[in-house]
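The values are calculated or read from the model by the stated rules, or taken from the named source; none is laboratory data. All values derive from a computational prediction rather than experimental measurement. Positions of Cβ are backbone-derived with ideal geometry, glycine not excepted, and every protein chain shown enters the neighbour counts. These area figures cover heavy atoms from the full protein model, side chains too; ligands, DNA and RNA do not enter into them. Shrake-Rupley method; radii C 1.70, N 1.55, O 1.52, S 1.80 Å.
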Amino acid sequence: MENLTQVNKTIEEFKHMDLDLTHYETWQMWAVGGAGLALMLIGYKIKKIAFFIIWFLLGYIASGYLLPIINSALSEVAESNFWQGLIPILGGLLLGLMGFMIEKICLGGAVFGLTLLMTAQYFGTEIQTMVIGGIIGAVLGGVAVMMMKPATIIATSIAGGYALTLAILALAPELDAETWFWPMIVGFGALGSLIQFISCKHD
């Protein structure tokens, strides 16, 4: 009964907390930033790899956010540095494998997932907020599927800009995340889209 109460408490805390990446190691954030830069600049040219990276990042970050709930339910996991590092990687690999499936499903799902992550990151994880984010994500995912090439370029640029933004904010905590979060994502996404549209116009 005590364990169940603790799990419910952790779930409530998770629903109301502001998501951040400061609990990750420095080398992990450098890896996230490097992957984001690659996605932002050459995402369309490496579509298969890009979808793998996007889904891996989604799984990796989402698994990291779920760790408090897993730790509350399984004390042996909470006490093990090995599992603390492995669970996000396993979550990333599990979703990353989806990047080798049908492109339309991958693109639509990636756009949907990215919309939810950015909604949670900036606006919080209240149920109403996530429902609105989910609806917007579903609409954007549907539009993306109908416009494969431009949508892939824009999606990979934004995904790369998002990952790069998170890495920079985690590595430079003196920057005000609330102030710079959206301007950085929009700026990186626009720059990446411009570079990709120019470099991929004959592809």
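Remark: C-alpha extents of segment 130-173 on the principal axes read 38, 28, 6 Å, sorted largest to smallest.
Using a 1.4 Å probe, what is the accessible area per residue for segment 108-203, in Å²?
About 48 Å² of surface per residue is accessible.
Quick one: with all protein chains in place, what share of the accessible area of segment 116-180 is carbon or sulfur, to the nearest percent (1.4 Å probe)?
Working: 2340 of 3110 Å².
Result for segment 116-180: 75 percent of the exposed heavy-atom area is carbon or sulfur.
If R0 is 25 Å, the Cβ-Cβ spacing of LEU90 and VAL131 corresponds to a FRET efficiency of close to 0.35. Here, segment 84-153 has an Rg and a Dmax of 13.4, 39 Å when only alpha carbons are counted. Note on GLU174 and MET146: their simple-model spin labels are 4.8 nm apart, each label 7 Å out from Cα toward Cβ. Using the Karplus relation 6.51 cos²θ - 1.76 cosθ + 1.60 with θ = phi - 60°, the per-residue 3J(HN,Hα) values for segment 184-200 come to 5, 4, 4, x, 5, x, 5, 5, x, 4, 4, 4, 5, 4, 6, 6, 10 Hz, with x marking Gly and Pro.
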